[in-house]
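J.: A single structure is presented below for examination.
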Amino acid sequence: MTEAAHAARSHETSRSPSAEFPKGRRLEAYRWMVLARVMDERCLSLQRQGRIGFYAPLSGQEAAQVGAAFAMQPEDWIFPAYREVAVALVRGVPLRSVFDQLVGNASDRSKGRQMPNHFAFSEIRFVSASSPIGTQITQAVGASMAIQRRKDRIATIAFFGDGATSSNDFHAGLNFAGVFRTPTIFFCQNNQWAISLPRERQTRSATLAEKAAAYGFPGVVVDGNDVAAVYRTVREARERALAGDGPTLIEAQVYRFGPHSTSDDPRRYREDSQVQAARQRDPIALLKATLVQDRVLDEAADSKIWEEARAEVAEALAGAEKEPLPDVASVFEDVFAALTPRLEEQRDEALGMHGGHRP
Amino acid sequence: MNPDSAVEPLSYTPEEAAAALGPEWTATLEKAYRWMALGRAFDARMQGLQRQGRIGFYGAATGQEAVNVAAGLASTSDDWVFPGLREQLVALVRGLPLEEYAHSIFGDALDPARGRQMPCHPTARPAHYVSMSSVIGTQISQAVGFAYALRHRRERGVVLAFFGDGATSSNDFHAGLNFAAVFDLPVVFCCANNQWAISVPAERQTAAASFAAKAPAYGLEGRQLDGTDFFAVYRELSMALRSARAGGGPVLLELRTYRLTPHSSSDDPRRYQPAGWAEEGARRDPVARLEAWMQAHDLLPADRRAKIAAAADTTVRAAVRAAEAAPPPAPETLTEDVYASRSSGPAEGTE
Amino acid sequence: MTELTLVQAVNRGLQEAMRQDPDVLILGEDVGVNGGVFRATEGLQKEFGPGRVIDTPLSETGIVGTAIGMALYGLKPVAEIQFLDFIYPAFDQIVSELAKFRYRSGGQFPCHVVVRAPYGGGIKGGLYHSQSTEAYFAHTAGLKVAIPSTPADAKGLLLTAVHDEDPVIFLEPKRIYRAVTGEVPDGDHRVPFGKARLVREGSDVSIFAYGAMVPTATDAAATLALEGISAEIIDLRTLVPLDERAVIASVEKTGRAVIVHEAARFCGFGGELAAILAEKAFYSLKAPIARVTGYDTPFPYSLEHVYLPNTDRVAQAARTTVRAG
Ligand SMILES: Cc1ncc(C[n+]2csc(CCOP(=O)(O)OP(=O)(O)O)c2C)c(N)n1
Ligand SMILES: Cc1ncc(C[n+]2csc(CCOP(=O)(O)OP(=O)(O)O)c2C)c(N)n1
Ligand SMILES: [Mg+2]
Ligand SMILES: [Mg+2]
């Protein structure tokens, strides 16, 4: 038996608890959502100041991400797109590591090779994110087939957007998953926009979830602003996956509050009134309201949570910004398992030009 | 064809047949039967030639004649066909001369495509039959763009996009149906589900309940039809074409048939088809089913049937003879048509 | 004449083409309401309507596949791929279909599509917003490949591309979209394919470049001039068709060649140029040909300045060839 299988079996989830969101963890979820929101706001301004090169905010999608992350287990594999910062944080990546990536410094786990937001954290089974839309979907299915082959009791979850449902790999990925009944959760965060293209012009199907029928498995719509609902839905899908009942497509309906990315100006294609209307159902406000109502949270405690989040972000950022750039020689590593003579030659040429250490 | 073989009868009254085929229904039936017989005879002859080494490759459409002939007859001269792998008979019905098709199979000097493609990949612009690709599915999104252009120019034509069951897994199936629905274009998607993609059975191609069931994923209507029932195919295709022509948007038709021959001359289905499959397929032979119905309704007397068979045989033989007599393409055609003018090749400056 | 940036010149080229011919239409992601993520199609949907400037779903194979269908019918579609890095979902349509339609149909179905894509590094785009993979397309018979380096050429080559009879991959060096400005002729300005541009005359060494490497090479030539080295700069403009005559003639004059491109060196377009020179100008060469290129690695984010050829590297290569003989 593999290590992962051992771990999975000893894990509490294999005792099949209820799919209800554990009430005791609501405040924890709230903290993560606040942290993500604070990070978002900070990163937008950092980009404007030129301190990071790019950022893709997740505001409006915190409940969807945190709910899904809570429902998955540490042994599960995550195939993210570029917005899944909150998922990485919940799974235990230090905020500092996130900022190392955003800054692209020498401590970045991916050696500063990718644009901001394209994380890879093998320690939390968070697979390297790519820019080309949709490619992670088939990859998640392949990992799920490997899980089947090894008889491990875990699942994979693929994150993608409404736009990605039009991609080649959505079609191939869901089709393979249906045919091979893989333990895969397809988690589509429908934030209503693919850059400037509204959801209703992406496809004419009534919902994205119903696309699952084209591949022979269930699709469900969930209110992505409701962290408990997201949790329950993902949890149930995971149980189906582990029971051998195959994949599920989940459409978490959310709204992208911010720009697509720091390169985008949404005023060109959408009315601010639409955004304001969507903000009426801000997932953070919704969760806060229930917490306040249940007397788990009051205004003073809430302010403290926000303050702590700000402090945490400031500290992580300061640390990341102190780090130097990756070494010049690192450009030539990891192309192949070992440096080829040709790459060694090119590395030496680059070192001659730019300085740096020969490892 | 043995008229006594136990084919699944087509249960139509003459009134129903007339309703499916229109007022000229007996003439349509006669034409349809002649084309189906010709297609069948041509397939048989080509497979024989391939075994003798006289052509390099052949992929038959045996079992799919009802679909192809219905499409050829139900479409108008304004319509366009983007074929999958097995719709050559549609081109013939729409006016591609058999002799010219034979030239393309032999890849000779008289092939309009100058022998550049494998057998079974004809191009027939006058018949509105677009150059076919070996690459599965690519024609689907092309058909959609073509339909966009037709509408852009305010023309009446509808595009028939053919593809197999296997092609439903392709990228361009997904993109094509999605774009067609979003832009509401005049396309009739025809999935010729012959239940096999080489050795992969339809139920392992997808877990969906049917191929037609994929349509709602794009906000479209999907209909599953018995593709061995000429009446049903003709009726539904006519309706779909009419609707698309009137601005009703795209539709997906799944035409269920039986591939009665190997995938191609390079394939041996005994390796993968279960026992009894061929027998089941034979009961659903579209030509035999139509023939039995026509005979039962006194529309195909024995002498007429014999005449049609003989005529098909003569036409096929003449086409093969002409093609075998033609020389190979001239060597200089090798570098023609890469670009519009030969001088625009990669090294223009030195020409 | 109007003073424009390169991206504005692309925009004017598209506008001019669409005014000239109602069959010209644009399709791609975010090209309509949003005017393109680089604003290359700014204002065009307003002028020509959503039927001619089409926002498509997120599918490159859908974009190019439908563009092919439009072209088969006789329209002149210009497909925008948001970044060259995202063209691969459409690679099948481009190399298997677009490039081969005319040939495989014996000329019955010519298929003229322009596929525009911003390409190249220098904008901190990391692996997937930076690559220069022109060689994939230049390698495919049936495609033409055009790459402007000035605003005037951007408009002129684009108008030629739109009215050409063959499929054209039109690569726009996004790093200099706004960094260079220049006078652009108004109206129907066309720059012929297959005619390289002599950027600067010189006698000691020929530097061949295209796209964003042209200004880099030109800066290097200025540095070299101070050292008494006279560098000739040739902007290839179109890789296919290639102006072989200009390439060979320049080396026959200078006897030395430095080839510059951002793309990785191995099997890059420079390899083809070097082979042509070895085959057809061997006896004129006084020194080994030098290539200054991206390295044979993926395109890095933080260290893109290491990866990308710069003025120093170009100048250094030129000095080396001059010293060699
Ligand atoms: C293959 C590909 N085409 C185009 C792009 C450019 N692009 C980046 S994000 C994006 C929209 C994605 O929308 P969606 O899938 O809804 O995700 P969201 O950004 O809303 O989270 C586009 C078109 C890309 N990254 N990859
Ligand atoms: C993209 C691509 N992959 C694989 C093949 C090889 N191939 C040729 S036909 C075929 C099966 C096609 O099945 P289907 O779409 O059902 O059409 P049919 O042959 O049954 O008419 C395959 C896999 C191909 N031609 N193109
Ligand atoms: Mg979205
Ligand atoms: Mg099939």
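J.: Taking the DSSP beta bridges in chain A as the whole, what percent of them are antiparallel, to the nearest 5?
T.: Taking every DSSP beta bridge within chain A, about 10 percent pair in antiparallel fashion.
J.: Here is a further query. Could you tell me which of rounded, prolate or oblate describes chain C, using a ≥ b ≥ c as the square roots of the eigenvalues of the alpha-carbon gyration tensor, with rounded for a/c under 1.5 and, failing that, prolate when a/b is larger than b/c and oblate otherwise?
T.: prolate
J.: Using only DSSP helix segments of four residues or longer, with each worth -39500 (n - 2.57), what per-residue ellipticity at 222 nm results for the protein assembly as shown after dividing by its residue count and rounding to 500? Walk me through the intermediate numbers first.
T.: Values: 36 runs with 423 residues, N = 1035.
-12500 deg cm²/dmol, from helical runs alone.
J.: Under 10 Å, Cα contacts only: if you run a Gaussian network model on chain B, which one of B:ALA296, B:ALA312, B:ALA288 comes out with the highest mean-square fluctuation?
T.: B:ALA296
J.: With every protein chain present, what is the per residue accessible area of chain A (1.4 Å probe, Å²)?
T.: 40 Å²
J.: Right, another one. Of C:LYS100, C:LYS280, C:LYS144, which is the most mobile in a GNM of chain C whose springs link Cα atoms less than 10 angstrom apart?
T.: In this elastic network of chain C, the residue with the biggest mean-square fluctuation among C:LYS100, C:LYS280, C:LYS144 is C:LYS280.
J.: Ignoring ligands, DNA and RNA and using a 1.4 Å probe, state the total buried accessible area between B and C in Å², rounded to the nearest 100. Let's see the in-between values first.
T.: Values: alone 16080 and 13120 Å², together 25140 Å².
That pair hides around 4100 Å² of surface in total.
J.: To continue, here is another question. Given a 1.4 Å probe and the protein chains all in place, what does the accessible area of A:CYS43 round to, in Å² to the nearest 10?
T.: 0 Å²
J.: Now for a separate question. Quick one: dipole size for the range C:1-141, taken about the Cα centre, charges +1 on Lys/Arg Cβ and -1 on Asp/Glu Cβ, in debye to the nearest 20. Write out the running numbers ahead of the final one.
T.: On the way: 11 positive and 15 negative charges, 52 e Å.
Using only the charged Cβ atoms, the result is roughly 240 debye.
J.: Would you kindly derive the ³J(HN,Hα) couplings of the range C:44-49 from the backbone phi angles with the Karplus curve 6.51 cos²θ - 1.76 cosθ + 1.60 (θ = phi - 60°), listing them in order in whole Hz, with x for Gly and Pro?
T.: Result, rounded to whole Hz: 6, 5, 4, 6, 10, x.
J.: With all protein chains present, how much of the accessible area of chain A (probe radius 1.4 Å) comes from carbon and sulfur, to the nearest whole percent?
T.: Within chain A, the accessible surface is 51 percent carbon and sulfur.
J.: For A:VAL222, which sequence-distant residues (separation of 5 or more, or a different chain) have an amide H within less than 5 Å of its own amide H, given hydrogens modelled in the peptide plane?
T.: Sorted by chain and number, the residues that satisfy this are A:GLU251, A:ALA252, A:GLN253.
J.: Here's something else I'd like to know. Taking the alpha-carbon distance from C:LYS76 and a cut-off under 30 Å, which lysines remain once sequence neighbours fewer than 8 residues away in the same chain are dropped?
T.: Counting by Cα, and skipping residues close in sequence, C:LYS76 has these lysines nearby: C:LYS46, C:LYS100, C:LYS144, C:LYS155, C:LYS174, C:LYS195.
J.: Using only the Cα atoms of the protein assembly as shown, build the gyration tensor, take square roots of its eigenvalues as a ≥ b ≥ c, and label the shape rounded, prolate or oblate: rounded if a/c is under 1.5, else prolate if a/b is larger than b/c, else oblate.
T.: oblate
J.: May I ask you to list the trypsin sites (Lys or Arg not before Pro) in the range A:284-330 that are in a DSSP loop and have at most 13 other Cβ atoms within 10 Å of their Cβ?
T.: Qualifying residues, ordered by number: A:ARG295.
J.: The range A:323-343: which residues show an accessible-area loss of 10 Å² or more, assembly versus chain alone, 1.4 Å probe?
T.: A:LEU325, A:PRO326, A:VAL328, A:VAL331, A:PHE332, A:VAL335, A:ARG342, A:LEU343
J.: In square angstrom and rounded to 100, what buried accessible area do you get between chains C and A, total over both, with the probe at 1.4 Å?
T.: 3300 Å²
J.: Given charges of +1 on the Cβ of Lys and Arg and -1 on the Cβ of Asp and Glu, with all other atoms neutral, how large is the dipole of chain A about its Cα centre, in debye to the nearest 20?
T.: Here chain A has a charge dipole of around 660 debye.
J.: Same structure again: If you filter the range B:266-306 for chymotrypsin sites (Phe, Trp or Tyr not before Pro), then keep DSSP loop positions with at most 15 other Cβ within 10 Å, what is left? Please report the intermediate quantities before stating the final value.
T.: Working: sites: B:TYR272, B:TRP277, B:TRP293; in loops: B:TYR272.
Passing both the DSSP loop test and the Cβ count: B:TYR272.
J.: Go ahead and set up a Gaussian network model of chain C, Cα springs under 10 Å, then flag whichever of C:PRO148, C:PRO118, C:PRO89 fluctuates most.
T.: C:PRO89
J.: Sticking with this structure for a sec: Measure off, as a whole percent, the carbon and sulfur share of the 1.4 Å-probe accessible area of the range C:209-319, all protein chains present.
T.: Roughly 56 percent of what the probe reaches on the range C:209-319 is carbon or sulfur.
J.: Residues of chain B: accessible area per residue at 1.4 Å, in Å²? Spell out each step's value before the answer.
T.: Values: 13290 Å² over 351 residues.
Roughly 38 Å² per residue, with all protein chains present.
J.: Ignoring everything but the protein chains, give the 1.4 Å probe accessible area of B:PHE106 in square angstrom, nearest 10.
T.: 50 Å²
J.: Against the longest alpha carbon principal axis of chain C, how many degrees, from 0 to 90 and to the nearest 10, is the axis of helix C:311-324 turned?
T.: Tilt relative to chain C: about 40 degrees.
J.: Rounded to whole Å and sorted largest first, list the principal axis extents of the Cα atoms in the range C:7-120.
T.: Cα spread of the range C:7-120 along its principal axes, largest to smallest: 39, 30, 23 Å.
J.: Now for a separate question. Is there a quick way to get the dipole size of the range C:77-221? I mean about its Cα centre, with the Cβ of Lys and Arg at +1 and of Asp and Glu at -1; what is the value in debye to the nearest 20?
T.: So the dipole magnitude of the range C:77-221 works out to roughly 140 debye.
J.: Continuing with this model, one more query. What residues in the range A:105-153 lose 40 Å² or more of accessible surface when the other protein chains are added to their chain alone (1.4 Å probe)?
T.: SASA drop of 40 Å² or more in the range A:105-153: A:ARG113, A:GLN114, A:MET115, A:SER131, A:PRO132.
J.: Of B:GLY59, A:GLN47, B:LEU110, which is farthest towards the positive pole of the protein assembly as shown's charge dipole, taken about the Cα centre with +1 and -1 on the beta-carbons of Lys, Arg and Asp, Glu respectively?
T.: B:GLY59
J.: Next question, about the same structure. Output the 0 to 90 degree angle, nearest 10, between the alpha-carbon long axis of helix C:269-280 and the longest principal axis computed from the alpha carbons of chain C.
T.: 60 degrees
J.: Hey, what's the per residue convex hull volume over the C-alpha atoms of the range C:167-312, in cubic angstrom?
T.: Values: hull volume 20.0 nm³, N = 146.
Dividing the Cα hull volume of the range C:167-312 by its residue count gives 137 Å³.
J.: I'm checking a number: the convex hull volume of the Cα atoms of the range B:161-201, normalised per residue, in Å³. What is it?
T.: Dividing the Cα hull volume of the range B:161-201 by its residues yields 55 Å³.
J.: Also, I was wondering about something else. How large is the convex hull of the C-alpha atoms of the range B:166-303 per residue, in Å³?
T.: 140 Å³
J.: Indicate the residues belonging to the range C:169-214 that lose 40 Å² or more of solvent-accessible heavy-atom surface (probe 1.4 Å) upon moving from the chain alone to the assembly of all protein chains, ignoring ligands and nucleic acids.
T.: For the range C:169-214, once contacts with the other chains are taken into account, no residue loses 40 Å² or more.
J.: Further question: Whole-Hz ³J(HN,Hα) for each residue in the range C:191-196, computed from phi via Karplus 6.51 cos²θ - 1.76 cosθ + 1.60 with θ = phi - 60°, x for glycine and proline: what do you get?
T.: Here the 3J(HN,Hα) series is 10, x, 6, x, 10, 5 Hz.
J.: Under 5 Å between amide H atoms, partner at least 5 residues away or on a different chain: which partners does A:GLY92 have, H built in plane at 1.01 Å?
T.: Counting only residues 5 or more places away or on other chains, the set is empty.
J.: Once you put a point 7 Å from the Cα of C:ALA278 and another 7 Å from the Cα of B:ARG223, both along the Cβ direction, what distance in nm separates them?
T.: Each label point is offset 7 Å from its Cα along the Cβ direction, giving 6.3 nm.
J.: Given axes a ≥ b ≥ c from the Cα gyration tensor, I'd like to know whether the range A:3-324 is rounded (a/c under 1.5), prolate (a/b larger than b/c) or oblate.
T.: rounded
The values are calculated or read from the model by the stated rules, or taken from the named source; none is laboratory data. No experiment lies behind these values; they were computed from the predicted model shown. Counting neighbours? That spans all protein chains shown, and the Cβs are built from the backbone with ideal geometry, glycine included. The area values use the complete protein model at the heavy-atom level, side chains included, leaving out ligands, DNA and RNA. Shrake-Rupley method; radii C 1.70, N 1.55, O 1.52, S 1.80 Å.
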